[in-house]
Amino acid sequence: MTAPGENLRINSERLWDALMEMAKIGPGIAGGNNRQTLTDADGEGRALFRRWCEAAGLTVGVDQMGSIFARREGTEPGLDPVYMGSHLDTQPTGGKFDGVLGVLGGLEVIRTLDDLGIRTRRPIVLVSWSNEEGTRFVPAMLASGVFAGLHPLDWAYDRTDRDGKRYGDELERIGWKGEEPVGNRPIHAMFELHIEQGPILEDEGIDIGVVTHGQGLKWLEVTLVGREAHTGSTPMYKRRNAGLGLARVTELVHEVAMDYQPYAVGAIGHMDLYPNSRNIIPGRATATIDIRSPDKGVLDEMDDRIRAGILTIAEALDITATVEQVGHFDPVAFDPGCVATVRAAAERLGYSHRDIVSGAGHDACWINRVAPTAMIMCPCVDGLSHNEAEEIYPDWAAAGTDVLFHAVVETAEI
Ligand code: HGY
Ligand code: MN
Ligand code: MN
Ligand code: MN
């Protein structure tokens, strides 16, 4: 495979303009984005993306999970395509770049190929995976998980949000339920560009993260049941306080993760109390525990310790506890060949780079199970993400997209 000349670069201004244009859709309340999966704002963002792809002469397909595939033909259409992409959906208090950089960086790769009049041997497909965030419909990376054969389509359609709305119905409502069966697309290789969402690259002043692994993840849904009672007239000894139980479980998750530093993280980001009334002792508390580690043994040990700890807490408070695993993937090792291509591209382009393990989960983690896959990371300011203040600099976005351009074009062969 011949590599593109090191002087070939993408158009940084055009990339930044596209990012800022997309950021206008589904604005948050503090400068970021709230484009949660299958909301009207998500539908608007998808429509803008499709318009841009069609304007670039790409053939756009949508599968039954609502993932969008935009294809640029190669000189040998029968060859398996090279894929690139990420996701356009955001957290409720999301940033402008999480996922979006990988999709619009891919669009910039296409636009640059057109500028240069380059036609690769292999077709290139730009993909926007549906429901990567998993914040509205659990689990995360839902559509790429169906694509990789992890989840049945009907099970995915039945995932419901907090208002009981089904994924399948919401997909239909916004008009993005495609006909194409999920997963029957051969992929020669896939590259995902993403912001780091952590502080390492910025702290070390490094341009490019060459992602060798993704850490493993478990989402455990815990339900604690006590008894609603009056917060005033119920003596302390008679209380069965599910809210107190959840407070102790929150501390337990933190303490267990701290026991495995630096190879573990753990938190509870989502919790509900029932009936959530100021003068009723919570009779029920539900929460999603998020634990992660690059080491499978640590992840499983944390899981076991947290489950055991929850039972001890429940017993002490005379409440009941159930724990259900609602999301999981083991640590991922990305394809060494694709990783080497990313590293060589950064080298050729003169960007500083270092190998890195992804702290966040990505669609690439699932696609890596069905095709050789690698990821490229660029820094983000203060390592902050899943926060409306998420920021990157144009030259960070450009460097990551240059590397994406080189990795994809080299693999698609010119
Ligand atoms: O949870 C994650 O790591 C990803 O942002 N969905
Ligand atoms: Mn993301
Ligand atoms: Mn995210
Ligand atoms: Mn496992």
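The values are calculated or read from the model by the stated rules, or taken from the named source; none is laboratory data. Small disclaimer: the values here were computed from a predicted structure and weren't measured. All Cβ positions, glycine included, derive from the backbone under ideal geometry; neighbour counts span all protein chains shown. For the accessible areas, the whole protein counts, side chains as well, though only heavy atoms, and no ligand, DNA or RNA atoms are used. Shrake-Rupley method; radii C 1.70, N 1.55, O 1.52, S 1.80 Å.
Scan Ala47, Ala30 and give me the residue that is part of a helix (DSSP H, G or I) and in the same structural domain as Asp98 (by the TED database).
Criteria check complete, one pass: Ala47.
Can you work out which of the residues in region 167-178 that are free of Cβ contacts under 8 Å to residues at least 40 places away in the same chain and surrounded by fewer than 17 Cβ atoms within 10 Å (Cβ to Cβ) is nearest to Leu88 (Cα to Cα)?
Per the criteria, the residue is Glu172.
Quickly run through region 103-155 and pick out the residues that are within 16 Å of ligand 1 (Cβ to nearest atom), under 24 Å from Asp17 (Cβ atoms) and either among the hydroxyl-bearing types (Ser, Thr, Tyr) or surrounded by fewer than 24 Cβ atoms within 10 Å (Cβ to Cβ) (or both).
Hit for region 103-155 is Ser128, nothing else.
Looking only at residues that are more than 22 Å from Ile268 (Cβ to Cβ) and within 16 Å of ligand 2 (Cβ to nearest atom) in region 205-255, which one is farthest from the chain's Cα centre (by Cα)?
Gly209
Among the numbered conditions (1) more than 16 Å from ligand 3 (Cβ to nearest atom); (2) modelled with pLDDT of 95 or more; (3) under 18 Å from Gly85 (Cα atoms), tell me where Gly145 comes up short.
With respect to (1) more than 16 Å from ligand 3 (Cβ to nearest atom); (2) modelled with pLDDT of 95 or more; (3) under 18 Å from Gly85 (Cα atoms), Gly145 is out only on (1).
Return the only residue of Val127, Val103, Val82 being in contact with a helix residue (DSSP H, G or I) (Cβ under 7 Å, 6 or more places away or on another chain), under 25 Å from Lys24 (Cα atoms) and either more than 16 Å from ligand 3 (Cβ to nearest atom) or not acidic (Asp, Glu) (or both).
Residue meeting the stated conditions: Val103.
Identify, please: which residue in region 55-84 is more than 24 Å from His406 (Cβ to Cβ) and in contact with a Pro (Cβ under 8 Å, 6 or more places away or on another chain) and is, among those, surrounded by the most Cβ atoms within 10 Å (Cβ to Cβ)?
Across region 55-84, the extreme among qualifying residues is Asp63.
Any residue in region 398-414 that is within 18 Å of Leu19 (Cα to Cα) and among the β-branched types (Val, Ile, Thr) sitting within a Cβ distance under 8 Å of a residue that is in a helix (DSSP H, G or I) and open to solvent by less than 10 Å² (accessible area, probe 1.4 Å)? List the pairs, counting only those 6 or more apart or interchain.
Thr401/Leu15; Thr401/Leu101; Thr401/Gly105; Thr401/Glu108; Thr401/Val109; Val403/Val342; Val403/Ala345; Val403/Ala346
What is the number of the single condition among (1) open to solvent by 70 Å² or more (accessible area, probe 1.4 Å); (2) outside any helix (DSSP H, G or I); (3) over 26 Å from Ala242 (Cα atoms) that Gln325 does not meet?
Of the numbered conditions (1) open to solvent by 70 Å² or more (accessible area, probe 1.4 Å); (2) outside any helix (DSSP H, G or I); (3) over 26 Å from Ala242 (Cα atoms), the odd one out for Gln325 is (3).
Just name the residue that is nearest to ligand 1 (Cβ to nearest atom) out of those in region 268-298 that are surrounded by fewer than 14 Cβ atoms within 10 Å (Cβ to Cβ) and either under 15 Å from Asn241 (Cβ atoms) or of a type in the set (Gly, Ala, Ser) (or both).
The qualifying residue nearest to ligand 1 (Cβ to nearest atom) is Gly269.
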